[in-house]
Amino acid sequence: MIINRNKLYALLFTACIAGYIWLFFNMNDNTTDSNLVVGCLIKKTTNMPCPSCGTTRSVIHLINGNLNSAFMINPFGFLIAAILLISPVWIAYDVATKKETLLSCYKKTEYYIRQPKYGIPLLLIVIFNWIWNIAKGL
């Protein structure tokens, strides 16, 4: 799929806004320490967690400074938190300077992920995280 700058930036910015809204509505003590937040269609349908189940709670623990808890819930929370923090700033920088550094980085990342020597280990990490989520009873 060929993606241009405007599409990528609009998609990423919209996803970040949706993420901030989702976090805002889930920022209370009841959701961080229980299974009350079940926004995953896979978990609702199959009663089995997906590889990203627990990411919201993980990010909430990160916001509260509980790094160990965040990691134990779902390490992908660190990646999502980084994306939520960095993307809007990077988009704003590119728009202000009329550059395409984020688009360039995205294309390079996509290129490497498509190569088996990088893609397969990343896929194995996702599968391992999925198995770990199932084993934890997430």
>> I'm checking my understanding of the structure. Among residues of region 72-124 that are within 19 Å of residue 56 (Cα to Cα) and among the β-branched types (Val, Ile, Thr), which one is nearest to the chain's Cα centre (by Cα)?
In response: 80
> Can residue 21 be described as surrounded by 10 or more Cβ atoms within 10 Å (Cβ to Cβ) and modelled with pLDDT of 85 or more?
Replying inline: yes
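Just to check your reading of the model, which residue among 120, 113 is touching a Gly at 6+ places or on another chain (Cβ under 6 Å) and either over 21 Å from residue 49 (Cβ atoms) or hydroxyl-bearing (Ser, Thr, Tyr) (or both)?
Selected residue: 113, the only one of 120, 113 that is touching a Gly at 6+ places or on another chain (Cβ under 6 Å) and either over 21 Å from residue 49 (Cβ atoms) or hydroxyl-bearing (Ser, Thr, Tyr) (or both).
So that you can scan it fast, the table gives a plain yes or no per residue for (1) surrounded by fewer than 12 Cβ atoms within 10 Å (Cβ to Cβ); (2) in contact with a strand residue (DSSP E or B) (Cβ under 6 Å, 6 or more places away or on another chain); (3) within 25 Å of residue 42 (Cβ to Cβ):
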| residue | (1), (2), (3) |
| --- | --- |
| 68 | yes, no, no |
| 73 | no, no, yes |
| 88 | no, no, no |
| 108 | yes, no, no |
| 115 | yes, no, no |
| 119 | no, no, yes |
| 123 | no, no, yes |
>> Being in contact with a Lys or Arg (Cβ under 6 Å, 6 or more places away or on another chain) and closer than 21 Å to residue 18 by Cβ is the filter here; which residues of region 74-125 pass it?
In response: 103
> Between a first residue in region 87-103 that is more than 17 Å from residue 11 (Cβ to Cβ) and a second residue that is not in a helix (DSSP H, G or I), which pairs have beta carbons less than 8 Å apart while being 6 or more apart in sequence or on different chains?
Replying inline: 93/99
> Name the pairs: first residue in region 61-76 and farther than 21 Å from residue 127 by Cα, second residue hydroxyl-bearing (Ser, Thr, Tyr), Cβ to Cβ under 6 Å, at least 6 apart or on different chains?
Replying inline: 61/69
>> Can you go through 53, 16, 105 and tell me which one is modelled with pLDDT of 90 or more and in contact with a helix residue (DSSP H, G or I) (Cβ under 7 Å, 6 or more places away or on another chain)?
In response: 16
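The values are calculated or read from the model by the stated rules, or taken from the named source; none is laboratory data. Remember, predicted model here, so these are calculated numbers, not experimental data. As a convention, Cβ positions derive from the backbone with ideal geometry for all residues, glycine included, and neighbour counts pool all protein chains shown.
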